[in-house]
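Heads up: the structure comes next, in structure tokens.
The values are calculated or read from the model by the stated rules, or taken from the named source; none is laboratory data. As the structure is a computational prediction, the values presented were derived from the model and not from experiment. Cβ: placed from backbone, ideal geometry, glycine included. Neighbour counts: every protein chain shown.
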Amino acid sequence: MASPHPADDSAAASDQSSPGHGKRWLLILTIFLVLPALGFVLWMQDAPQPDDAWLRPNWTSAEDGENNPLAQLQAFLIAHPLPKDDKRFRMAGTQEPWNAAEAQALLTKYAGHLREIDKLLSSNPKKWHWCEGAVLARYDAKLDYLNSIQYLGQLAVIRSKAASTVQEAMQRSIEAARFGENVSSAQGGALHCMAGTTIQQQAFNALKLAMTRQDSTVSNLEEASTLLSRVTVRPQNLASALRVEYEAYRRLVEDAAAGRLGALPIGNPSFLTRVPWLTKPNHALGLHHSSVGPIIRTLDAGWQGLGPVLNDSKAFMVEFSAHRLSRVATYGGGGMLFYMTQGSADALATSMTNTEAQRILLLTQIGLRRQELAVGSLPATLAEVSPTLLDPTLRDPWSDAPVIWKKDSLRLYSVGRNGVDDGGNFAHRLPQKVLDMGDSYGWVKP
């Protein structure tokens, strides 16, 4: 049957075969196929290489032989490792009440390791160097010798706590603190620095126990103050360790981009981590540079202003981590590694700054005690303590101001990472809030 409107039928056929109809389809295909492909190509373009020459480590010549005492210690510990799973060993130095018999048994068993500590401390610490190969070990490499280093420091602390006299306990504590200091300053990475910092923390606790013993004398306090003032917790050591971490990260990202790693050893199950061409090395390094770089630059100058810089870096990390799809797809797992190394930088910087605060608090406690013994009473403020008994230039690393002394509550404390005086609230610290850190005056018995 013929159409009642033949003119309309011919017009429709004309429209379907017209060039304009084909152009519309071409435009649609361009929008839905070509533009996304072009966007993907642009998205995969790497960023310019970051200007990170200042951020890379500048190693001095490190030797593995007789000229490097630390290399000799490493060889000894690899041959004679300390038991990483021996709970008695880990707890002997810290458990309460103090188990003197168990501690003495451990000291006898590991007398050879203690001789290695003494041998190392008698050497020139400027010759101590962690070997570059150990520093830049993969994150999945076995680093059991680092556990042994930390346990070796704990053994030194146990020896100080087991000393029969205040004099010996004090000297052994300072030796352990020096050991931790030298471990941290030997051009190692974050793990080395954390091991040294942990040793120092335990040594300072042992020194406080020695100074508050009933048989402690004025001369003991004076000598402890002198020796402790020579022990340092240097921010530059941490800056050096973070530079090593950056170098390790840099090499790992470059290996990932070159396809030499396959899946990065970071526990990320995404298949995208197995595609090397999805890794954007410069972009990943730029993110790390933007986050950890300000921390290192601040530490190069000292402790002042570190708290706000850490908070800014953490906020940057949180914002970056919120975009999980972009992180995994764009950086091929490099983003996850960035997250891990930034997190370790934050934790280590906090721990090491707290260790310096602990050292300042201990020096101040000793100064307060010396003032009390000299005049018969405790001062109302730290300004009243004689400068011959307490160095007036000592500063809280979190505030660049003197630590806080509350005579009414007998509390001495640092303001902690938040930089705010929370009234000496450190007895029940909440995980979600970093409050003050300190202790009650050590010579007052409950």
Against the conditions (1) at pLDDT 85 or above; (2) under 25 Å from the mean Cα position of the chain (by Cα); (3) surrounded by 18 or more Cβ atoms within 10 Å (Cβ to Cβ), where does LEU435 fall short? Just the number, please.
(1)
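Matching residues to (1) polar (S, T, N, Q); (2) over 30 Å from ASN58 (Cα atoms); (3) modelled with pLDDT under 90; (4) touching a Cys at 6+ places or on another chain (Cβ under 8 Å):
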| site | (1), (2), (3), (4) |
| --- | --- |
| ALA169 | no, yes, no, no |
| SER173 | yes, yes, no, no |
| ARG178 | no, no, no, no |
| GLY189 | no, no, yes, no |
| CYS193 | no, no, yes, no |
| LEU209 | no, yes, yes, no |
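For (1) surrounded by 16 or more Cβ atoms within 10 Å (Cβ to Cβ); (2) small (Gly, Ala, Ser); (3) at pLDDT 85 or above, each residue gets a yes or a no:
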position: GLU384; (1), (2), (3): no, no, yes
position: TRP398; (1), (2), (3): yes, no, yes
position: GLY424; (1), (2), (3): yes, yes, no
position: TYR441; (1), (2), (3): yes, no, yes
List pairs: first residue in segment 95-107 and in the same structural domain as ARG172 (by TED's automatic domain parsing) and more than 14 Å from LEU209 (Cβ to Cβ), second residue assigned to a helix (DSSP H, G or I) and at pLDDT 80 or above anywhere in the structure, Cβ distance under 6 angstrom, at least six positions apart or on different chains.
LEU107/ARG159
How do the pairs read when you match residues in segment 359-375 that are within 13 Å of GLY438 (Cβ to Cβ) with residues anywhere that are among the small types (Gly, Ala, Ser) and not in a helix (DSSP H, G or I), using Cβ under 8 Å and keeping only pairs 6 or more apart or on different chains?
ILE360/SER414; LEU361/SER414; LEU361/GLY438; GLN365/GLY442
